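The values are calculated or read from the model by the stated rules, or taken from the named source; none is laboratory data. Keep in mind it's a predicted model, so treat the numbers as computed, not measured. Every residue, glycine among them, receives a Cβ derived from its backbone with ideal geometry; neighbour counts consider all protein chains shown. The protein model used for the area step is the full one, side chains on, heavy atoms only, and it has no ligands, DNA or RNA in it. Shrake-Rupley method; radii C 1.70, N 1.55, O 1.52, S 1.80 Å.
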Amino acid sequence: MRLLISAAAIAAALMLPFAVHAADAPVQVTLDASKPGAVIDRHLFGQFAEHLGSGIYGGIWVGKDSKIPNTRGIRNDVVAALKALKVPNVRWPGGCFADQYNWRRGVGPERKPAVGEPNTFGTDEFMDFADQIGTEAYLSVNLGSGTAMDAAEWLEYMTSSTDSALGVERAKNGHPEPYQVAILGLGNESWDCGGAMSADFYVNEMKRFSHFIRSYSATSNQPMKRVAVGPSGADTSYTEAVMKAWNGRSWSWDIEGLSLHFYATGGWPPHMSDIGFDEKDYAVLLKDSLRLDDAIKTHSAIMDKYDPEKKVALVVDEWGTWLAPTPGSDPGFLVQQNSQRDAVVAALGINIFARHADRVRMANIAQMINVLQAMILTNEDKMLLTPTYHVFHMYVPFQDATFVPLTFDAGTYTTDGITLPRVDAVAAKDKAGKVWIAVTNLDAKSPVTLSVSLAGVKATKASGQTLSAPKVDSVNTFDAPDTVAPKALSAKVADGKLNITVAPASVAVLGLE
Ligand code: AHR
């Protein structure tokens, strides 16, 4: 009886969803800080904001006359939340939307609405938003239905001095200083919504766009990086064609990145429920999300063939979960709740990127607000932070930190015939020399203890945060916004070993002190 009571007490303390399993032996981990790997580029923590559903209108833009507190029409609560994430870049205006976007309709005092698009949030509003949250602009140009001249003029509008008529126009619209465009996307999913082009046809278009579209504000210290359309999933035709062309490129064009889109869906079309799912559906989606590693390996191998020096980055500029739309929502708006399952998927994805940091140097989770695996959900004047937001916040110390190798046997977690690794972990050393470790316990039933042998680092304890939840399908709602919220976690180092116990289906990030 006493045993039962203490098990229940532990379960309550750890917010365990199911019965506690017998304690297993700790997972033995070795961390060697004397063998640094690649830099985990901060751009891996990029975001994606598309004109889709309420991703922009309502989510970012409420207009200057709104009762919702705003700065020049941009909501203050959202800006404050995003600033805390140190968002390195935001990809805009799409997605598929980018290949139908006419930038001219979205600048100046008289906006020209398109069907379903008021164009009140245009280039100057996006740049204002980017400035308010302190991020870099990643713009996708319209290669599908626009011309190279349209796109070149858009860049001239944004980046030229007032020597140019388009620079003068920008100044009249309130911004005399040229903007910086840090990253440029040369189309989006050109194999499908971006024009249904064959890989070879796309390569010819991409070369023209790469040549004619310039940033006039770019400097050698701050060059504009160009990202070509690449694959989705396992199809390698774009990867082959783009990288082969790049290998034989002339002086007149270049790219610095190749895009990869990867969504965890559990099958296509997306049909998995965002709430009220069971442990099996938790495991199905996690399993699907881990295919990201295979996708990166497949495309990296082709890139290695044409670019062994890894000059061209693999840019996973759309990734995350894509579930059935929330019942009652417009299916085209891609609205889905965000649960503890999304938090675990987010951590696993970031860990995969960290392990491939030599090639994967940028990523954009889809999408930032109110669409797909969002950081933030809004409803009129209300805003909530999702479990995915909290994971991104906990991982901030990994931005631009140097990968530190860990070795461990992940073990297995099996449920309903689905077998997954039981645990995942990555480590990194930040610029101040502090070592961080991130642990994900995939097992939905049992806590896991890691015993981490520390080499190349001296520490007496570790402290940070953990994100666990009452159930794998726990979500934050506007009425209960803190159901899934990080809590402090600390652990001692004894005899050169750090012992960390993490709750089922949870993520923990700790810094060694
Ligand atoms: O993120 C939603 C959509 O998914 C994007 O517009 C498109 O690029 C992708 O197919």
By my count, helices (runs of 4 or more DSSP H) wholly in segment 100-180 with at least 3 residues that are within 25 Å of K207 (Cβ to Cβ) are 148-159
Quick one: would you say A363 is touching a Phe, Trp or Tyr at 6+ places or on another chain (Cβ under 6 Å), open to solvent by less than 10 Å² (accessible area, probe 1.4 Å) and assigned to a loop (DSSP other than H, G, I, E, B)? no
Over segment 242-261, the set of residues open to solvent by 20 Å² or more (accessible area, probe 1.4 Å) and either under 27 Å from the mean Cα position of the chain (by Cα) or outside the structural domain of G194 (by TED's automatic domain parsing) (or both) is D254, E256
Conditions: (1) touching a residue at least 40 places away in the same chain (Cβ under 8 Å); (2) more than 16 Å from the ligand (Cβ to nearest atom); (3) crowded, with 17+ Cβ neighbours inside 10 Å. K83 meets all but one. Number of the miss? (3)
Do we find that L377 is crowded, with 24+ Cβ neighbours inside 10 Å, out of contact with any His (no Cβ under 7 Å at 6 or more places or on another chain) and of a type in the set (A, V, I, L, M, F, W, C) in this structure? yes
Scan segment 475-494 for residues that are part of a strand (DSSP E or B), among the hydrophobic types (A, V, I, L, M, F, W, C) and touching a residue at least 24 places away in the same chain (Cβ under 8 Å) and report the count. 5
When residues of segment 467-489 are filtered for being in contact with a Lys or Arg (Cβ under 6 Å, 6 or more places away or on another chain) and open to solvent by 20 Å² or more (accessible area, probe 1.4 Å), how many remain? 1
Looking at segment 407-455, what strands (runs of 3 or more DSSP E) fall wholly within it and have at least 3 residues that are surrounded by fewer than 22 Cβ atoms within 10 Å (Cβ to Cβ)? 412-415, 418-421, 448-455
Candidate set from segment 366-392 (those that are more than 12 Å from the chain's Cα centre (by Cα) and part of a helix (DSSP H, G or I)); member that is farthest from the ligand (Cβ to nearest atom): H390
